[in-house]
Amino acid sequence: MNRTDLPQTLRRSSKEVQAAFATAHETAVRRYGEGEEAQRAAYGELKQSFELVTDHWVPKQD
């Protein structure tokens with residue numbers, strides 16, 4: 001996934017967040033195909049370890 005393909009909130013986030021989303025998205029696309037369902041699945045996976053704070057994603061604090 002190219003950085004310019006990422007939504008704005010992910011572009012403003014760290015490389016760690018971007019890499020995590022890209023990996024989750026690739027996995028979701030293999031499972032569901034391109035589209036909204038893959039996007040939702042990738043965000044669901046991202047939300048396990050990161051949270052949206054204002055306009056960017058940060059690691060969750062346990």
inquiry  = What's the total number of residues in the range 46-55 that are within 11 Å of the chain's Cα centre (by Cα) and open to solvent by 60 Å² or more (accessible area, probe 1.4 Å)?
reply    = 5
message = Condition first: touching a Lys or Arg at 6+ places or on another chain (Cβ under 8 Å), under 20 Å from T54 (Cα atoms) and without any contact (Cβ under 8 Å) to a residue 12 or more places away in the chain. Can you find one or more residues in the range 17-38 that meet it?
response = no
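Which residues, taken from the range 41-62, are hydroxyl-bearing (S, T, Y) and part of a helix (DSSP H, G or I)? Spell out how you get there, then give the answer.
Pass one, the range 41-62, residues hydroxyl-bearing (S, T, Y): 43, 49, 54.
Across the range 41-62, the qualifying residue is only Y43.
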inquiry  = Every residue in the range 9-35 that is more than 11 Å from W57 (Cα to Cα) and exposed (fewer than 15 other Cβ atoms within 10 Å of the Cβ), please.
reply    = A19, T23, E26, T27, R30, R31, G33, E34, G35
inquiry  = Testing A38 on (1) open to solvent by 40 Å² or more (accessible area, probe 1.4 Å); (2) of a type outside the set (D, E); (3) in a helix (DSSP H, G or I), one condition comes back false. Which one is that?
reply    = (1)
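The values are calculated or read from the model by the stated rules, or taken from the named source; none is laboratory data. Owing to the predicted nature of the structure, the values given are computational and were not obtained by experimental measurement. Reconstructed Cβ throughout: ideal geometry from the backbone, glycine too, with neighbour counts over all protein chains shown. Each accessible area value is taken on the protein alone, full model and side chains, heavy atoms only, with ligands, DNA and RNA left out. Shrake-Rupley method; radii C 1.70, N 1.55, O 1.52, S 1.80 Å.
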